[in-house]
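A.B. asks: Have a look at the structure that comes next, please.
Read-outs: derived from the displayed coordinates by stated rules, not from any lab. Every value quoted in this text rests on a predicted model; they were computed, and no experiment measured them. Glycine also receives a Cβ, built like all others from the backbone with ideal geometry; neighbour counts cover every protein chain displayed.
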Amino acid sequence: MDIGLIRLLFVIVLAAVCYFLHPFGIGEGWLAAIVGAAAAGAVIIFELRVRALTLRRLIGAVAGSVLGIIGAALFCLVLRSAPLPGPTLATLQIFVLMLMTYVGLLVGANKGDLLNPAALGVIFSGDKPARRSAKVLDTSVIIDGRIADIAEAGFIDGNIVVPEFVLRELQVVADSTDSSKRQRGRRGLDMLQRMQSNAGLQVQIVPDDFPSIREVDLKLLELAKKWEAKVVTNDFNLNKVAHLHHVDVLNINDLANALKPVVLPGERMGVVILKEGKEYNQGVGYLDDGTMVVVDHARRLIGKNVDISVTSVLQTASGKMIFGKLDENGKVAETQ
């Protein structure tokens with residue numbers, strides 16, 4: 001049954017009860033019904049706020065409230081011996097009870113992130129382990145497509161979560177009038193279909209959304225916080241923002257850089273010179289993994305496969321660059 005219908009039924013029932021029973025001495029039936037409906041609305045608002053809390057914060061709030069009530073009860077025992085009039089004493093006791101409960105609730109909820117619910121037993125673990133192992137995919141990594149190969153190779157475990165707002169963004173790209181964008185969007189949809197057809201993967205489409213947030217990247221971060229999941233991306237800016245929000249990120253580009261073969265000065269390799277370099281008489285080629293290779297005195301050899309000797313390796317923010325020189329004993333051949 002829809003949760004909205006249950007809430008509406010709760011409001012109607014409580015309003016009807018107040019209409020017929022006239023609680024707290026309320027005389028008129030309709031006035032009592034309005035009071036009952038308002039009380040039900042307050043309960044629903046409280047329920048929505050509680051649902052937004054993480055398990056740690058909820059446990060902290062409950063523990064803080066209980067400790068506050070216990071402290072207030074002990075303090076009220078001391079107040080009973082005070083020479084105060086009855087109404088003043090009762091008012092002071094109620095004030096102390098509310099104050100201690102309120103402070104305990106706020107402090108407990110604020111410090112709840114320091115708790116470890118898993119240490120309290122299986123009852124608090126529930127489906128959290130599955131959520132903690134979840135990977136939230138962003139639009140760029142779906143379009144990139146390498147995530148499908150990585151998952152099929154068994155290097156991605158747990159649930160693969162794709163929110164519906166990412167699917168909507170993919171559909172907008174796939175329906176674009178620009179042919180390149182349309183091709184990229186359709187490629188992303190094909191990658192998702194390929195991952196769903198893999199029996200070894202569990203791809204979950206979730207309806208979770210955050211209407212108050214307009215940017216898709218920020219929605220992804222909020223979803224990752226809610227699920228205690230990791231964001232899988234190859235977007236440099238999203239990677240930086242996620243670290244600022246203390247959200248774990250799996251960057252496909254970082255993985256690709258980590259898997260590039262280690263090249264040391266003095267090693268020999270073959271490369272096809274594809275274009276001239278920025279400096280005089282340089283030629284530029286690329287390895288199969290996309291690593292740029294800059295070769296001295298190779299400008300005249302554009303279009304040819306040459307053997308080179310590595311002179312240095314430079315690691316930059318955008319990737320790795322290899323510098324080399326022509327191998328005197330190497331071969332030079334026309335590419336086919």
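A.B. asks: Multiply the residue separation of Asn281 and Ile3 by 0.36 nm, subtract the distance between their alpha-carbon atoms, and state the gained length in nm to one decimal.
C.D. replies: Numbers: separation 278, 0.36 × 278 = 100.08 nm, distance 7.11 nm.
Full extension of this stretch gives 93.0 nm more.
A.B. asks: When all alpha-carbon pairs of the chain are counted, what percent fall beyond 33 Å?
C.D. replies: 57
A.B. asks: Report the equivalent ellipsoid semi-axes for the stretch 128-258 in whole Å, largest first, defined as the square roots of five times the eigenvalues of the gyration tensor built from alpha carbon atoms.
C.D. replies: For the stretch 128-258, the semi-axes come out at 20, 18, 15 Å.
A.B. asks: Continuing with the same structure: Based on DSSP loop calls and a cut-off of at most 13 other Cβ atoms within 10 Å, the longest stretch of the chain free of exposed chymotrypsin sites (Phe, Trp or Tyr not before Pro) is what?
C.D. replies: The reported range is 1-154.
A.B. asks: Please identify every one of the GluC sites (Glu not before Pro) in the stretch 157-215 that sits in a loop by DSSP and has no more than 14 other beta carbons within 10 Å of its own beta carbon.
C.D. replies: Details: sites: Glu164, Glu169, Glu215; in loops: Glu215.
Loop-located and lightly packed - Glu215.
A.B. asks: With an 8 Å cut-off on Cα pairs and a minimum separation of 6 or more residues, tell me the relative contact order of the stretch 268-334 in percent.
C.D. replies: Values: 169 pairs, mean separation 21.2, N = 67.
For the stretch 268-334, the relative contact order is 32 percent.
A.B. asks: Here's another thing I want to ask about it. Only sites in a loop by DSSP and with at most 11 other Cβ atoms within 10 Å count here; which trypsin sites (Lys or Arg not before Pro) in the stretch 276-322 make the cut?
C.D. replies: Passing sites in the stretch 276-322 are Lys278.
A.B. asks: Taking the Cβ of Phe165 as the center, what net charge do the other residues with Cβ under 9 Å away carry, scoring Lys and Arg +1 and Asp and Glu -1?
C.D. replies: Charge balance in the 9 Å sphere: -2.
A.B. asks: Using a Gaussian network model of the chain whose springs link C-alpha atoms within less than 10 Å, name the residue from Gln202, Gln193, Gln282 with the highest mean-square fluctuation.
C.D. replies: Looking only at Gln202, Gln193, Gln282, the biggest GNM fluctuation is shown by Gln282.
A.B. asks: If you take every DSSP beta bridge fully contained in the chain, what fraction is antiparallel? Give it as a percent rounded to 5.
C.D. replies: Among the beta bridges of the chain, antiparallel pairing accounts for roughly 60 percent.
A.B. asks: Just to confirm the filter: which trypsin sites (Lys or Arg not before Pro) across the stretch 56-116 are DSSP coil and have at most 13 other Cβ within 10 angstrom of their Cβ?
C.D. replies: Answer in residue order: Arg80.
A.B. asks: I would also like to ask the following. In a Debye calculation with equal point scatterers on the alpha-carbon sites of the stretch 268-334 and no solvent, what is log10 I(q)/I(0) at q = 0.21, 0.26, 0.29 Å⁻¹?
C.D. replies: -0.77, -1.17, -1.40
A.B. asks: May I ask you to list, by number, the DSSP H helices of the chain whose Cα span along the axis is at least 18 Å and whose average Kyte-Doolittle hydropathy reaches 1.0 or more?
C.D. replies: Those that clear 18 Å and a mean of 1.0 are 3-21, 29-51, 55-79, 86-110.
A.B. asks: Here's something else I'd like to know. How do Thr233, Thr311 line up, fewest other C-beta atoms within 10 Å first?
C.D. replies: Arranged by neighbour count, lowest to highest, Thr233, Thr311 become Thr311, Thr233.
A.B. asks: Further question on the same structure: So what is the relative contact order for the chain, in percent, with contacts set as C-alpha pairs under 8 Å and at least six apart?
C.D. replies: Reported relative contact order: 10 percent.
A.B. asks: Moving to a separate point now. Please give the calculated 222 nm ellipticity per residue for the chain, where each DSSP H segment of at least 4 residues contributes -39500 (n - 2.57) and the sum is spread over every residue; nearest 500 deg cm²/dmol?
C.D. replies: After summing the helix terms and dividing by the residues of the chain, the value is -16000 deg cm²/dmol.
A.B. asks: Positive end of the charge dipole of the chain (Lys, Arg +1 and Asp, Glu -1 on Cβ, about the Cα centre): tell me which of Gln196, Tyr19, Ile302 has its Cα farthest that way.
C.D. replies: Towards the positive end, the residue furthest out is Tyr19.
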